[in-house]
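Peer 1: Submitted below is the structure of interest, expressed as structure tokens.
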């Protein structure tokens with residue numbers, strides 16, 4: 001029998017096994033669906049555990065999400081009022097899983113800086129660490145991860161109103177006693193403004209990966225950005241892909257698609273002169 005490669009499932013694909021560890025005190029059930037979809041981009045979520053005191057009324061909202069997504073709850077009672085024992089339980093489990101040698105990466109879901117040293121220790125052992133947390137996450141924890149994803153980017157937007165309902169409303173006859181008036185539309189919830197595009201950072205990444213003519217392979221640019229800014233994500237600037245971010249600023253960047261032997265195209269980018 002062929003020896004099993006640590007961190008990889010016994011299948012023909014090359015996806016790594018990942019351990020997803022969630023701090024219930026610092027995560028919201030509303031992001032779980034999008035979070036697990038994001039995790040699937042990086043590997044197979046072989047272990048999914050969530051830590052907290054589920055006897056507390058604050059944690060009852062988790063029950064439905066845990067059942068739906070087959071997440072194992074790890075009950076941790078608060079030994080002393082005002083003290084959080086959840087962090088210690090999650091850290092101990094992470095170390096136990098690390099020493100099994102079965103996992104290629106860890107997904108730490110929390111906005112708590114107490115997990116900074118855990119992320120550092122996992123990386124020292126050669127594991128990839130993906131952090132997930134809110135925008136308030138302290139920078140030391142963000143920088144301790146290989147990649148950090150802000151959970152507000154993973155929330156699913158509510159579906160738009162069904163067309164049939166809109167048609168039914170338009171066919172409703174106005175009352176004869178009252179003059180017909182246009183229905184007042186409810187004000188749409190304002191989306192948070194996207195931060196300014198970090199032009200200097202993008203330019204630095206291109207220059208580091210550029211050839212003699214200034215062209216840089218987009219994959220290399222993205223890799224460099226992830227190394228120097230673990231929380232860099234084109235979705236922060238309103239674009240799903242890095243290529244879309246560059247294409248949205250033609251005054252700053254040039255985009256070139258090149259064919260390859262296999263028929264697929266590679267994207268290159270350079271700064272405008």
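Peer 1: Can you pull out the residues in the stretch 222-247 that are in contact (Cβ under 8 Å) with a residue 40 or more places away in the chain and more than 21 Å from residue 131 (Cα to Cα)?
Peer 2: 245, 246
Peer 1: Right, here's the next one. Of the residues in the stretch 104-146, how many are surrounded by fewer than 20 Cβ atoms within 10 Å (Cβ to Cβ) and under 17 Å from residue 41 (Cβ atoms)?
Peer 2: 2
Peer 1: Then there's this: Return a yes/no flag: does the stretch 40-56 have any residue that is assigned by TED's automatic domain parsing to the domain that holds residue 113, in contact with a strand residue (DSSP E or B) (Cβ under 9 Å, 6 or more places away or on another chain), part of a helix (DSSP H, G or I) and modelled with pLDDT under 85.
Peer 2: Scanning the stretch 40-56 turns up no residue that is assigned by TED's automatic domain parsing to the domain that holds residue 113, in contact with a strand residue (DSSP E or B) (Cβ under 9 Å, 6 or more places away or on another chain), part of a helix (DSSP H, G or I) and modelled with pLDDT under 85.
Peer 1: Looking at the stretch 124-153, which of its residues are part of a helix (DSSP H, G or I) and either out of contact with any strand residue (DSSP E or B) (no Cβ under 8 Å at 6 or more places or on another chain) or modelled with pLDDT of 95 or more (or both)?
Peer 2: Scanning the stretch 124-153 gives 124, 139, 140, 141, 142, 143, 144, 152, 153.
The values are calculated or read from the model by the stated rules, or taken from the named source; none is laboratory data. The shown structure was predicted, so the numbers you read here are calculated from the model rather than taken from an experiment. Glycine also receives a Cβ, built like all others from the backbone with ideal geometry; neighbour counts cover every protein chain displayed.
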